Amino acid sequence: MTINIKNVPETEITCSNCQACCCRLEVFLLTDTGVPEEHIAVDNWGGETMLRLEDGWCAALDRETLMCSIYENRPWVCREFEMASYECGVEREAML
């Protein structure tokens with residue numbers, strides 16, 4: 001089933017139905033927010049990203065609650081990504 005994000009009101013996307021779609025995206029660490037080392041991956045050129053586990057989800061995602069386990073220290077990109085924004089809708093649609 002495909003959901004057309006243009007027809008889904010923004011108010012329908014909430015913390016209780018978010019599904020953490022953004023937690024499958026590659027997240028580059030651009031600033032120091034205090035992300036714990038065990039959640040950081042370093043590429044061949046020394047760039048840092050959030051570590052993603054074999055299932056493709058961010059290592060900091062609590063799999064039971066689908067909430068960030070390092071919320072207070074989450075990367076800048078995660079802070080700027082808004083739930084129910086256009087970008088959020090695009091990612092949600094891609095997962096369905």
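No lab work stands behind these numbers, since they all come straight from the coordinates. Computed from a prediction, not measured in an experiment: that's the story for all the values here. Cβ placement follows ideal geometry from the backbone for every residue including glycine, while neighbour counts extend to all protein chains displayed.
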Item to check | Length-normalised contact order of segment 24-87 in % [C-alpha pairs under 8 Å, at least 6 apart] | outcome: 36
Checklist entry - What residues qualify as long-range amide H neighbours of ILE40, i.e. H under 5 Å apart, gap of 5 or more or another chain, H built at 1.01 Å from N? => result LEU51
Checklist entry - Can you give the calculated 222 nm mean residue ellipticity of the chain, where each DSSP H run of n ≥ 4 adds -39,500 (n - 2.57) and the sum is split over every residue, rounded to the nearest 500 deg cm²/dmol? => result -4000 deg cm²/dmol
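Which FRET efficiency, nearest 0.05, do GLU87 and GLU64 yield, Cβ-Cβ r, R0 30 Å?
Between GLU87 and GLU64 the formula returns 0.70.
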Checklist outcome for this item: Whole-number value, in Å³ per residue, for the convex hull of the alpha carbons of segment 35-96 is 124
Next on the checklist: If you fit an axis through the alpha-carbon atoms of helix 86-95 and take the longest principal axis of the Cα set of the chain, what angle between them do you get, 0 to 90°, nearest 10?
Outcome noted: 90
